[in-house]
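S.K.: Before we start, here is the structure in question, set down as structure tokens.
The values are calculated or read from the model by the stated rules, or taken from the named source; none is laboratory data. Here the structure is a predicted model, which means the values were calculated and not measured. Cβ placement follows ideal geometry from the backbone for every residue including glycine, while neighbour counts extend to all protein chains displayed. SASA here: full protein model, heavy atoms, side chains in, ligands and nucleic acids out. Shrake-Rupley method; radii C 1.70, N 1.55, O 1.52, S 1.80 Å.
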Amino acid sequence: YVNGKLIDRSGGSPILWQHLFWFFGHPEVYIAILPGMGATSHILSTFARKPIFGYRAMVFAMFAIGLLGFFVWGHHMFLSGMSPYTGMAFSVLTLSIGVPSAIKTFNWLGTLWGGRIRFTTPMLFAIGFVSLFVAGGITGLVLGQSSLDLSMHDTYFVLAHFHLVMGVAAIFGMFAGTYFWFPKMFGRMMNETLGKIHFWPTMIGVYAIFIPMHVMGLVGMPRRYSQFWEVIDGKLVWIYNFNKPTHALIHFVTWAAIITVAAQFLFIFNFFWSLWRGEKASDNPWEATTLEWITATPPPHDNFGGKIPVVYRGAYEFSVPGAPDDYVMQTTPDETAPNVVTTAGHGAIKGNGDGHNGHQ
């Protein structure tokens, strides 16, 4: 429809196709990053030596992000000719996702606040995830407003926002999880020195790539163009002028991308070298509290070697008053630590031997 009148066309409706595509596509990108959020929350708690701050609020925030992701697809289509009132509705719903996202961010910061932080490689990548998620999410608030999106739609600003918050942030979650669970999966530790050398060029590199892209988008540089040409004296001329600011940024971003990609070979080398030559890992090298760390390293085929664990407390019993160490495993009975004040809140949960759990 154009101005309320049905235009002549044959075949399908491009606008309907966009609606169907984005109704799938937008929730998909949110759901793709939720595992990274969960891994980050877990790793931050482990290496801050503190329980997750606002655990229930964090869980409900993740649920809200997944749910609201199904109602905001129209913010990709502000320029499709939709009604301004429809655009306003999608804009308000888009901005509302900032609420659970902010809750998660404050939960992460609260988990770090006052903790005895251990700056291991998994912790560095988890903190990097938080940084990238916040930096990329702020620009999402800009694009979620239909009036601002009019000038920045399909520019490098959109490209930078998406890849900062959904691309490299999700990858940082994967790196954090890989470094963290590698000892349990393969029985050997990844090299910490190589891991930290891998982290810093990657962290600096992704910001060097995507922050300039925001500037390129603000001055109107369109996305999806590999080269730029203009007509000069009736001739089509390839623009190649270092004096123009955007061209200098293009070259800067290109070299930043090359260096950042090159740094990933450190991870590949570290991964495969550690498989065979890495230091042998103990059953619980990170002094974590959850159930995967009570079994052998690497675990047997059925995870627990036929012995069903008995769970007495919550998953994040760090810095518990009265505990002999700064952590208490989920399988530590209360009678072996009589002075421990638990934070689980529900008493002990014991297996009855047949695979079903009851409450005590």
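S.K.: Read through the list (1) within 20 Å of the chain's Cα centre (by Cα); (2) at pLDDT below 95, then give the number of the only condition that Leu44 fails.
M.R.: (2)
S.K.: Considering only the range 66-86, I want to know if a residue exists there that is touching a Ser or Thr at 6+ places or on another chain (Cβ under 8 Å) and among the β-branched types (Val, Ile, Thr).
M.R.: Within the range 66-86, one or more residues are touching a Ser or Thr at 6+ places or on another chain (Cβ under 8 Å) and among the β-branched types (Val, Ile, Thr).
S.K.: Any chance the range 61-74 includes a residue that's more than 21 Å from Met37 (Cα to Cα) and either open to solvent by 70 Å² or more (accessible area, probe 1.4 Å) or not β-branched (Val, Ile, Thr) (or both)?
M.R.: yes
S.K.: Shifting gears a bit: Can you tell which of Gly98, Gly110 is out of contact with any Phe, Trp or Tyr (no Cβ under 9 Å at 6 or more places or on another chain) and farther than 30 Å from Tyr225 by Cβ?
M.R.: Just a single option satisfies the conditions, and that option is Gly98.
S.K.: I'm checking my understanding of the structure. Among residues of the range 64-87 that are part of a helix (DSSP H, G or I) and without any contact (Cβ under 8 Å) to a residue 24 or more places away in the chain, which one is farthest from Trp108 (Cα to Cα)?
M.R.: Tyr85
S.K.: Out of Asp154, Asp149, which single residue is touching a Pro at 6+ places or on another chain (Cβ under 9 Å), at pLDDT below 95 and over 19 Å from Gly38 (Cα atoms)?
M.R.: Just one listed residue meets the conditions, Asp154.
S.K.: Scanning the range 6-32 for residues that are assigned to a loop (DSSP other than H, G, I, E, B) and hydroxyl-bearing (Ser, Thr, Tyr), which turns out nearest to the chain's Cα centre (by Cα)?
M.R.: Only one residue fits best here, namely Ser13.
S.K.: Here's a follow-up. Among Ala288, Ala263, Ala296, Ala281, which is the only one that is open to solvent by less than 70 Å² (accessible area, probe 1.4 Å), hydrophobic (A, V, I, L, M, F, W, C) and within 23 Å of Pro201 (Cα to Cα)?
M.R.: Among Ala288, Ala263, Ala296, Ala281, only Ala263 is open to solvent by less than 70 Å² (accessible area, probe 1.4 Å), hydrophobic (A, V, I, L, M, F, W, C) and within 23 Å of Pro201 (Cα to Cα).
S.K.: Which numbered condition trips up Ala39, out of (1) farther than 30 Å from Val328 by Cα; (2) open to solvent by less than 50 Å² (accessible area, probe 1.4 Å); (3) assigned to a helix (DSSP H, G or I); (4) small (Gly, Ala, Ser)?
M.R.: Single failed check for Ala39: (1).
S.K.: Being open to solvent by 30 Å² or more (accessible area, probe 1.4 Å), closer than 24 Å to Val134 by Cβ and among the polar types (S, T, N, Q) narrows it down to one of Ser96, Ser101, so name that one.
M.R.: The conditions single out Ser96.
S.K.: Next question, about the same structure. Please name all residue pairs, on different chains or six or more residues apart, with Cβ atoms under 8 Å, provided the first residue is in the range 148-173 and is of a type in the set (S, T, N, Q) and the second residue is open to solvent by 20 Å² or more (accessible area, probe 1.4 Å) and not in a helix (DSSP H, G or I).
M.R.: Ser151/Gly220; Thr155/Gly220; Thr155/Pro222; Thr155/Arg223
S.K.: If you take the residues in the range 185-233 that are among the charged types (D, E, K, R) and in contact with a strand residue (DSSP E or B) (Cβ under 8 Å, 6 or more places away or on another chain), which one is nearest to Ala281 (Cα to Cα)?
M.R.: Arg188
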